[in-house]
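The values are calculated or read from the model by the stated rules, or taken from the named source; none is laboratory data. All of these numbers come straight from a predicted model, not from anything done at the bench. Reconstructed Cβ throughout: ideal geometry from the backbone, glycine too, with neighbour counts over all protein chains shown. Heavy atoms of the whole protein, side chains included, go into the accessibility calculation; ligands, DNA and RNA do not. Shrake-Rupley method; radii C 1.70, N 1.55, O 1.52, S 1.80 Å.
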Amino acid sequence: MPGKFKIIFLFLVASLLPTVTGAESLEGSRPNIVLVMTDDQGYYDLGCHGHPYLKTPNLDRLYAQSTRFTDFHASPTCAPTRAAMMSGRAPFKNGVTHTILERDRMTLDTTTIAQVLKAAGYTTGIFGKWHLGDEDAYQPHNRGFDETFIHGAGGIGQSYAGTQSDAPGTSYFNPIIKHNNHFVQTEGYCTDVFFQQALGWIQAKKEAEQPFFAYVTTNAPHGPYHVDKRYSDMYQEHAEGKGKKGSNTAAFYGMITNIDENIGVLMQKLDDWKLSDNTLLIFMTDNGSAAGDYAPNTNGKKGSPHEGGSHVPLFMRLPGKTQPGVDVDVLTRHFDMFPTLAGIAGAGIPADIDLDGRSLLPLIENPRSNWPDRNLFFHVGRWNKKGAPGRWGEGNTDPDQAKYIGFAVRNEKWRLVGDELFDIAKDPGETTDVISQHPEVGSGMRKAFDGWWDEVRPLMVNEDATLDTSKPFHDQFNKQQSEGGIPNWDPPVLN
């Protein structure tokens, strides 16, 4: 075909392709924002992603109504993902290199997305898991959140050396929650409690002219795997013969089904309150699966530098501005959420923030938008710490000695994991190391990682933090209990 006619032909073909851009631009549209992030639920721990027996009908419905990012990546573990979400920067730049031993504390120099949204006129609330520092200065009420309803540590009931701890005597059922810096005794299962409080807050804000940002961050399905028996029983048939591992998987899936029920209530209430059309509803998870047993053509789970450690779902729904059933298949990352939310809110980002993320808005409005390739860097972190008790203080405690342990570099085509190179475009399951066929690709990506490490290493500000400290959640709880007691939670009544 002659060149001139080929150009005309391609133009005509392109003009016949379906339009996938939203009816209106999201930029500066200032909708309410509800971001739900679950804990330890992987990409394939959903019915809509092909799971053969897990029941998630409400998330499946949200999936059908959403623009979906199919190659979206978090960090391999939870606190680093939360730091990246909050800051728009690599977690190591926030000092977050672990989930415990003071290395989960997000540096106080960080400007959070909650602060940026609040400055733009949003009211902000967090309901569930924070996991970026348990000392008062690090807590969300000092990081831009107007309403806080959280547990402590990295999971309900956890306690580790240093300041990290939760309220004494708390549990998944009837958890003790810190509500606006004051402890309350709740009644019910943790996920149900978090959603009910979040919905009560949303209900109270719905008549206000202020837009709101509700950050609903469930502790589930993080272990230990505790859930009402009626949920775990749904999956016992599939767990039979697998011993304790199977029992954990049954409870893990039961916790996800309970989350799904709460998602259904959330979606219904947004409809009832006439908020759905002006509320951006986002669903994502914080890292790969912890206890799932279905992940086709996937290598690795939570804590792995391979694809399965970081590949997570991302659904975004705002009727009229996002397109239902549209997949965005380019490589994206957790720190992209910061500039995305700021752009949607019409919020100014302080000029001194050196963002790693880039706004997803062009891709939401047109998945075929130009999206330059980039190297993304992963590191499991979690090296041990000098002076830590037990196994946490054994072996290597030097970050520089851990530099090449548990790292990966990913771009659209390749994933370098240690000394192995995988052609992700052809081999998403990472079954064949092709470093010998493409040594120049591997060396280039390793050189890029070296440059990244040199950039983040001076910002790992928590590495030498003392563990000889009190536990703020314990201290505050005991003080409140002795001075006035722990009141019962007053659960909101939902109309």
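Tabulated data for the structure shown
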{"quantity": "Where labels lie 7 Å past Cα in the beta-carbon direction, separation of residue 443 and residue 187 in nm", "calculated": "6.9"}
{"quantity": "√(5λ) per eigenvalue of the Cα gyration tensor, the stretch 96-189, largest first, Å", "calculated": "22, 18, 9"}
{"quantity": "20 Å cut-off, amide nitrogen to a point 7 angstrom out along residue 457 Cα→Cβ, residues in the stretch 342-361", "calculated": "none"}
{"quantity": "Paramagnetic reach from residue 494 (point 7 Å along Cα→Cβ, amide N under 19 Å) across the stretch 202-219", "calculated": "202-208, 212-219"}
{"quantity": "Dipole in debye (nearest 20) - the stretch 20-139, about Cα centre, beta carbon charges: Lys, Arg +1; Asp, Glu -1", "calculated": "200"}
{"quantity": "Cα gyration tensor shape of the stretch 307-358, rounded if a/c is under 1.5, else prolate or oblate by comparing a/b with b/c", "calculated": "oblate"}
{"quantity": "Pairs from 55/302; 178/385; 229/302; 245/386 whose Cα-Cα separation, in the structure shown, is over 23 Å", "calculated": "178/385; 229/302; 245/386"}
{"quantity": "Gained length - residue 329 relative to residue 271, 0.36 nm times residue gap less alpha-carbon distance", "calculated": "17.9 nm"}
{"quantity": "For the stretch 177-252 and the stretch 363-408, distance of Cα centres in Å", "calculated": "28"}
{"quantity": "Net dipole in debye of the stretch 384-495 [+1 Lys, Arg Cβ; -1 Asp, Glu Cβ; about Cα centre; nearest 20]", "calculated": "140"}
{"quantity": "Separation between Cα centres of the stretch 453-481 and the stretch 291-346, rounded to whole Å", "calculated": "30"}
{"quantity": "Modelled FRET efficiency - R0 35 Å, residue 386 with residue 171, Cβ distances, 0.05 increments", "calculated": "0.60"}
{"quantity": "Rounded if a/c under 1.5, otherwise prolate or oblate - the stretch 325-477, Cα gyration tensor axes", "calculated": "oblate"}
{"quantity": "Overall form of the stretch 24-135 per C-alpha gyration tensor (a/c, 1.5; a/b vs b/c)", "calculated": "oblate"}
{"quantity": "Ellipsoid semi-axes in whole angstrom, largest first, where each is sqrt(5λ) of the Cα gyration tensor of the stretch 419-459", "calculated": "25, 12, 7"}
{"quantity": "Carbon/sulfur fraction of accessible area - the stretch 108-176, other protein chains in place, 1.4 Å, %", "calculated": "44"}
{"quantity": "Packing rank of 70-83, 47-60, 448-461, where each peptide gets the mean count of other beta carbons within 10 Å, highest leading", "calculated": "70-83, 47-60, 448-461"}
{"quantity": "Rg(Cα) / (2.2 N^0.38 Å) computed for the stretch 186-240, rounded to two decimals", "calculated": "1.57"}
{"quantity": "Helical mean residue ellipticity (222 nm; -39500 (n - 2.57) per DSSP H run of 4+; nearest 500) of the chain", "calculated": "-8500 deg cm²/dmol"}
{"quantity": "Evaluated over the stretch 94-146, the Cα radius of gyration and Dmax, each in Å", "calculated": "11.3, 36"}
{"quantity": "Cα-Cα P(r), the chain, percent of pairs per 10 Å interval", "calculated": "4, 19, 30, 28, 14, 4, 1, 0, 0"}
{"quantity": "Reference-scaled alpha-carbon Rg (2.2 N^0.38 Å with N residues) for the stretch 276-393", "calculated": "1.31"}
{"quantity": "Förster radius 22 Å - calculated FRET efficiency between residue 352 and residue 450, Cβ distance, rounded to 0.05", "calculated": "0.25"}
{"quantity": "If the convex hull is drawn through the Cα atoms of the stretch 327-410, its volume per residue in Å³", "calculated": "164"}
{"quantity": "Rounded D (µm²/s) - the stretch 265-331, Kirkwood Rh over Cα pairs, Stokes-Einstein at 10 °C, 1.306 mPa s", "calculated": "112"}
{"quantity": "Stokes-Einstein D for the stretch 188-286, Kirkwood Rh over Cα pairs, 10 °C, 1.306 mPa s (µm²/s)", "calculated": "106"}
{"quantity": "Relative packing of 411-419, 108-116, which averages over residues the other C-beta atoms within 10 Å, highest first", "calculated": "108-116, 411-419"}
